[in-house]
Amino acid sequence: MPAREELPSTLRRSPKKAQETWIKAHDSAVESYGEGERAHRTAFAALKHSFEKVGDHWEAKKDGKGPSDAQARKSTPKAGRTAEGVDANASKQHLYDLARRLDVRGRSTMSKDQLVEAVRKANARATAKAR
C-alpha cells in the first residue's frame, strides 16, 4: 500500500516536508523489508532526524538535525521504548520551552528526563484530542 494512503494523522496535520520525508522513507523501507511495522519504524526514525513532535503534529527541528533518541539513532530500529517524537537530545531549555507551549504544569522544577516524559505525555494527549 502506498505510504500516502497510510500517512499517520499526526503527519496529515504537519508540514508537507515532514509528510514527504516520512513517505519517501516508508516507501524505501517497504522495498527493503516489506510492508508492516518495520517499515513504519524506519520511516519514523528518518522523520525524527529533522522533525520533532509538538502536540498533535510534527515541526522542523530548530536546534539542528540528528536522531531524537537512542532508537532513532539505529540504522534499522527495532521495537522498543522511544521518546515518541520528542527530541530527547535537545537542550533542557528547548524542552522547557516546548513544555511551556504545551502548558505542562510543574515544568520549572523538572529535570531534563522529566521534561522529555512530560512533553511526550502532552503530545499524546493532544494527538488523542485531535483524533
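Odds and ends about this structure:
- The lone exception for SER68 - which of (1) closer than 19 Å to HIS94 by Cα; (2) modelled with pLDDT under 90; (3) surrounded by fewer than 20 Cβ atoms within 10 Å (Cβ to Cβ) it fails: (3)
- Residues of segment 49-60 that are of a type outside the set (A, V, I, L, M) and at pLDDT 90 or above: SER50, PHE51, GLU52, LYS53, GLY55, ASP56, HIS57, TRP58, GLU59.
- Residues that are in contact with a helix residue (DSSP H, G or I) (Cβ under 9 Å, 6 or more places away or on another chain) and within 11 Å of VAL54 (Cα to Cα), drawn from segment 102-125: LEU102, VAL119, ALA122, ASN123
- Test: residue in segment 105-122 that is of a type in the set (Gly, Ala, Ser) and either within 15 Å of the chain's Cα centre (by Cα) or at pLDDT below 90 (or both): yes
- Hey, TRP22 aromatic (Phe, Trp, Tyr), surrounded by 20 or more Cβ atoms within 10 Å (Cβ to Cβ) and not in a strand (DSSP E or B) or not: yes
- Matching residues in segment 79-131 - criterion: being surrounded by fewer than 15 Cβ atoms within 10 Å (Cβ to Cβ) and of a type in the set (S, T, N, Q): SER91, GLN93, SER108, THR109, SER111
- ARG41 surrounded by 14 or more Cβ atoms within 10 Å (Cβ to Cβ) and modelled with pLDDT under 90: yes
The values are calculated or read from the model by the stated rules, or taken from the named source; none is laboratory data. This structure is a prediction, so every number in the text was calculated from the model and none was measured. Neighbour counts are summed over all protein chains in view; Cβ atoms, including those assigned to glycine, are modelled from backbone coordinates with ideal geometry.
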